[in-house]
Amino acid sequence: MAVSFPIPSYFTAIFIISRLMSIMGISKHLNNKLLPPLDNITDKLSLDPSAIESASQDFGHIVKSIPKAVLQPSSIADIASLINFSYNSSIPFTIAAKGHGHSVRGQAMANDGVVVDMTSMKKHRNGTGIWVSNDGVYADVGGEQLWIDVLNATLKHGVAPVSWTDYLYLTVGGTLSNGGISGQSFRYGPQISNVYEMDVITGKAEIVTCSPNKNSELFYAALGGLGQFGIITRARIPLEPAPKRVKWIRMLYNDFTAFTRDQELLISINGRHDSHALGYLEGSLLMDHGSPDNWRSSFFPPKHHPKITSSIINHRIIYCLEVVKHYDYQTQNTVDKELEQLLKGLSYMPGFMFEKDVLYAEFLNRVQRGELKARSQGLWDVPHPWLNLFIPKSQIQRFNDGVFKGIVLERNITTGPVLVYPMNRKKWDDRMSAVIPDEEIFYTVGFLHSSGFDDREAFDDQNKEILKFCEEAGIGVKQYLPHFTSKDEWVHHFGSKWETFQQRKFQFDPKMILSPGQRIFNNN
């Protein structure tokens with residue numbers, strides 16, 4: 001709970017968020033007339049140990065950064081007031097917005113600064129955090145809202161967003177600050193390509209409504225901008241009629257070339273309104289030290305586990321292609337025929353196609369079942385030394401040989417899913433801050449490790465070996481959800497976008513207040 005501040009609360013609030021002053025001498029060191037008042041948020045600044053501890057950690061359980069205080073806002077104005085105070089202070093303090101805290105390397109933390117607990121906003125929205133337009137064309141969604149709640153709210157109107165993440169218990173502001181990708185991205189683009197408008201609080205405490213036609217520089221900066229230019233407090237998300245059910249299929253391959261060729265063939269049918277296109281496509285690896293099922297879902301029928309396991313042992317790696325075709329009452333009689341036509345001629349192993357028919361919402365929320373299982377086994381709140389990469393299509397075969405076979409299999413430590421699936425570059429907007437390879441088709445590769453607290457270094461070493469291989473082989477890899485510790489690394493990551501990225505930072509957060517945990521402009 002929030003700390004109750006004594007009078008004068010103004011001075012106490014200054015103490016909480018100032019790293020350089022003592023509680024007894026604060027009034028002697030500041031010209032109070034030069035600073036904006038904080039009376040309206042002092043009771044929302046928390047020093048509670050549990051709040052500090054929560055804000056000091058994230059899903060990764062790798063980095064711990066302790067803030068001076070946590071803001072538990074009840075309104076957008078509270079957040080703006082905090083930023084305004086820092087911006088007008090002689091020594092600004094850093095501020096990080098934290099939603100569900102699903103970062104893995106401390107990206108949503110503010111060491112010695114203030115963390116804004118965005119989830120606090122949900123308690124004060126009074127059910128207004130998700131509003132669907134009367135015509136069902138869009139939803140206005142608070143940045144603190146979880147995507148699972150967006151799904152449930154929009155389905156009540158028979159509509160839904162079209163671009164998702166695999167895991168739905170993430171905040172809207174969080175995924176839009178990074179990209180937001182999943183198996184729908186090949187057709188609909190990432191979540192950052194599916195936004196009409198946003199409200200953003202900049203590092204100058206300006207509350208700005210932005211869109212492609214209004215304050216467009218901030219709009220494109222904030223999308224995929226890693227929180228560097230502002231805190232997203234509202235997003236207008238396009239909606240389309242929601243499918244009722246899905247045909248969910250997995251096919252297994254023992255040949256990587258056939259696996260990637262079939263993926264690329266399927267994503268070539270990608271018209272946003274093309275009824276023949278798939279609704280989802282992802283690939284993953286099954287390896288001889290893992291189960292045919294993992295925490296993402298329990299899919300394969302138990303009676304087929306022996307033959308799948310035998311094939312994995314024989315080949316050491318089996319490549320799994322996972323696709324979904326949406327349907328509703330109007331198309332339920334034609335979906336099987338359309339799917340058969342789409343998959344005709346694919347080169348998966350005969351006898352290794354498996355199918356499910358489930359509700360649309362059940363498919364989208366498929367990861368939660370694995371989460372609940374992992375939590376029950378004490379395997380959720382553990383270190384997650386993840387590594388997510390974008391690989392140019394021209395280099396994916398070399399990556400398979402050098403990384404999947406040359407590093408991952410040989411080290412034999414990988415736990416959790418390993419994803420590998422392609423996207424179409426034309427579905428991304430280059431004006432946004434997000435960085436992707438230059439080729440028209442590129443692959444997402446995700447090593448979603450879980451480890452113990454004592455053996456995490458082995459996974460870090462594997463990640464470093466993978467990145468070193470990519471650098472030496474000239475693969476041209478780009479990190480998704482990037483983590484770097486020096487400015488030079490960030491400059492290299494952004495490449496031709498760096499100058500624009502830096503100029504936008506100077507424009508929207510000139511005192512380098514926001515998102516210090518990314519260590520782009522606060523990397524000491």
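Within the range 87-108, which residues are surrounded by fewer than 22 Cβ atoms within 10 Å (Cβ to Cβ) and either in the same structural domain as Ala153 (by the TED database) or of a type in the set (S, T, N, Q) (or both)?
If the condition is that a residue be surrounded by fewer than 22 Cβ atoms within 10 Å (Cβ to Cβ) and either in the same structural domain as Ala153 (by the TED database) or of a type in the set (S, T, N, Q) (or both), then Asn88, Ser89, Ser90 are the ones that fit.
How many residues are open to solvent by 40 Å² or more (accessible area, probe 1.4 Å) and in contact with a Leu (Cβ under 9 Å, 6 or more places away or on another chain) when one looks only at the range 335-350?
Summing the residues that are open to solvent by 40 Å² or more (accessible area, probe 1.4 Å) and in contact with a Leu (Cβ under 9 Å, 6 or more places away or on another chain) in the range 335-350 gives 2.
Considering only the range 228-279, state which residues are among the hydroxyl-bearing types (Ser, Thr, Tyr), more than 30 Å from Ala108 (Cα to Cα) and open to solvent by less than 40 Å² (accessible area, probe 1.4 Å).
We begin by selecting, within the range 228-279, every residue among the hydroxyl-bearing types (Ser, Thr, Tyr); these are 233, 253, 257, 260, 268, 275.
Filter once more, keeping what is more than 30 Å from Ala108 (Cα to Cα): 253, 257, 260, 268, 275.
Once the filter is applied, which keeps residues that are among the hydroxyl-bearing types (Ser, Thr, Tyr), more than 30 Å from Ala108 (Cα to Cα) and open to solvent by less than 40 Å² (accessible area, probe 1.4 Å), the range 228-279 yields Tyr253, Thr260.
Could you grab me the full set of residues in the range 387-405 that are within 15 Å of Ile475 (Cα to Cα) and either modelled with pLDDT under 95 or open to solvent by 30 Å² or more (accessible area, probe 1.4 Å) (or both)?
Going residue by residue through the range 387-405, those that are within 15 Å of Ile475 (Cα to Cα) are 388-404.
Listed by number, the residues that qualify are Lys393, Ser394, Gln395, Gln397, Arg398, Asp401.
Sort out which residues of the range 160-182 are in contact with a His (Cβ under 9 Å, 6 or more places away or on another chain) and part of a loop (DSSP other than H, G, I, E, B), and write them in order of number.
Tyr167, Tyr169, Leu170
Inside the range 142-156, can you point out the residues that are farther than 15 Å from Tyr169 by Cβ and of a type in the set (Val, Ile, Thr)?
Thr154
What number of residues in the range 476-497 are more than 19 Å from Ile181 (Cβ to Cβ) and either in contact with a helix residue (DSSP H, G or I) (Cβ under 8 Å, 6 or more places away or on another chain) or basic (Lys, Arg) (or both)?
Of the residues in that region, 4 qualify.
Just to be sure, is Phe453 surrounded by fewer than 19 Cβ atoms within 10 Å (Cβ to Cβ), more than 27 Å from Ser185 (Cα to Cα) and modelled with pLDDT under 95?
The answer is yes for Phe453.
Just to be sure I understand, how many residues within the range 494-512 are in contact with a strand residue (DSSP E or B) (Cβ under 9 Å, 6 or more places away or on another chain) and surrounded by fewer than 18 Cβ atoms within 10 Å (Cβ to Cβ)?
2
It is to be established whether one or more residues within the range 268-281 are under 27 Å from His449 (Cβ atoms) and in the same structural domain as Ser433 (by the TED database).
Taking every residue of the range 268-281 in turn, at least one turns out to be under 27 Å from His449 (Cβ atoms) and in the same structural domain as Ser433 (by the TED database).
Phe299 fails exactly one of the following numbered conditions: (1) on the phi > 0 side of the Ramachandran plot; (2) at pLDDT below 95. What is the number of that condition?
(1)
Considering only the range 115-131, how many residues are closer than 16 Å to Ser54 by Cα and assigned to a helix (DSSP H, G or I)?
Step one: of the range 115-131, the residues closer than 16 Å to Ser54 by Cα are 115-120.
Filter again for assigned to a helix (DSSP H, G or I), leaving 118-120.
Total satisfying the criteria: 3.
Mind checking whether some residue in the range 504-518 is under 25 Å from Lys393 (Cβ atoms), modelled with pLDDT of 95 or more and in a helix (DSSP H, G or I)?
No, the range 504-518 has no match at all.
Is it true that some residue in the range 247-259 is over 28 Å from Tyr348 (Cα atoms), assigned to a loop (DSSP other than H, G, I, E, B) and in contact (Cβ under 8 Å) with a residue 24 or more places away in the chain?
no
Being assigned to a loop (DSSP other than H, G, I, E, B), small (Gly, Ala, Ser), at pLDDT below 95 and open to solvent by 20 Å² or more (accessible area, probe 1.4 Å) is the requirement here; does Ser310 meet it?
No: the conditions fail for Ser310.
Mind listing just one residue for me: the one in the range 192-222 that is of a type in the set (A, V, I, L, M, F, W, C) and assigned to a strand (DSSP E or B) and, of those, most open to solvent (accessible area, probe 1.4 Å)?
Within the range 192-222, the match that is most open to solvent (accessible area, probe 1.4 Å) is Ile207.
Here is a list: Asn111, Asn134. Which entry is open to solvent by 30 Å² or more (accessible area, probe 1.4 Å), under 25 Å from Thr209 (Cα atoms) and at pLDDT 95 or above? Walk me through how you get there before you give the answer.
Details: Asn111 fails: under 25 Å from Thr209 (Cα atoms).
Among Asn111, Asn134, only Asn134 is open to solvent by 30 Å² or more (accessible area, probe 1.4 Å), under 25 Å from Thr209 (Cα atoms) and at pLDDT 95 or above.
Suppose the filter is closer than 25 Å to Pro516 by Cα, touching an Asp or Glu at 6+ places or on another chain (Cβ under 9 Å) and either open to solvent by less than 10 Å² (accessible area, probe 1.4 Å) or not acidic (Asp, Glu) (or both); does Val477 pass it? Don't jump to the end; show me each part of the working.
Details: closer than 25 Å to Pro516 by Cα: yes; touching an Asp or Glu at 6+ places or on another chain (Cβ under 9 Å): yes; either open to solvent by less than 10 Å² (accessible area, probe 1.4 Å) or not acidic (Asp, Glu) (or both): yes.
Answer is yes for this residue.
Let's see how each residue does on (1) at pLDDT 95 or above; (2) hydrophobic (A, V, I, L, M, F, W, C); (3) open to solvent by 50 Å² or more (accessible area, probe 1.4 Å); (4) touching an Asp or Glu at 6+ places or on another chain (Cβ under 9 Å):
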residue	(1), (2), (3), (4)
Lys303	no, no, yes, no
Val323	yes, yes, no, yes
Phe363	yes, yes, no, no
Leu379	no, yes, yes, no
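Could you give every pair whose Cβ atoms fall below 7 Å, whose first residue belongs to the range 408-429 and is among the hydroxyl-bearing types (Ser, Thr, Tyr), and whose second residue is part of a loop (DSSP other than H, G, I, E, B) and at pLDDT 95 or above, counting only separations of at least 6 or pairs across chains?
Between residues of the range 408-429 that are among the hydroxyl-bearing types (Ser, Thr, Tyr) and residues that are part of a loop (DSSP other than H, G, I, E, B) and at pLDDT 95 or above, the close pairs are Tyr421/Gly183.
Based on what the data block shows, is Leu346 modelled with pLDDT of 95 or more and more than 21 Å from the chain's Cα centre (by Cα)?
Working: modelled with pLDDT of 95 or more: yes; more than 21 Å from the chain's Cα centre (by Cα): yes.
Yes, satisfied.
Can you go through Ile413, Ile466, Ile441 and tell me which one is of a type in the set (Val, Ile, Thr), open to solvent by 10 Å² or more (accessible area, probe 1.4 Å) and more than 13 Å from Pro392 (Cα to Cα)? Before the answer, list the steps.
Details: Ile466 fails: open to solvent by 10 Å² or more (accessible area, probe 1.4 Å); Ile441 fails: more than 13 Å from Pro392 (Cα to Cα).
One residue alone meets the criteria, Ile413.
Is one or more of the residues making up the range 397-405 free of Cβ contacts under 8 Å to residues at least 24 places away in the same chain and not acidic (Asp, Glu)? Spell out the reasoning first.
Narrowing the range 397-405 to residues free of Cβ contacts under 8 Å to residues at least 24 places away in the same chain: 401.
Then drop every residue that is not not acidic (Asp, Glu), which leaves none.
No.
Of the residues Gly183, Gly224, Gly174, which is touching a Ser or Thr at 6+ places or on another chain (Cβ under 7 Å), in contact (Cβ under 8 Å) with a residue 24 or more places away in the chain and under 27 Å from His483 (Cα atoms)? Steps first, answer last, please.
Details: Gly183 fails: touching a Ser or Thr at 6+ places or on another chain (Cβ under 7 Å); Gly174 fails: touching a Ser or Thr at 6+ places or on another chain (Cβ under 7 Å).
The unique qualifying residue is Gly224.
The values are calculated or read from the model by the stated rules, or taken from the named source; none is laboratory data. Treat the numbers as computed from the prediction; the structure is a model and nothing was measured. Here the Cβ is made from the backbone with ideal geometry for all residues, glycine too, and neighbour counts use every protein chain on show. Surface areas here come from the heavy atoms of the whole protein model, side chains and all, with no ligands, DNA or RNA. Shrake-Rupley method; radii C 1.70, N 1.55, O 1.52, S 1.80 Å.
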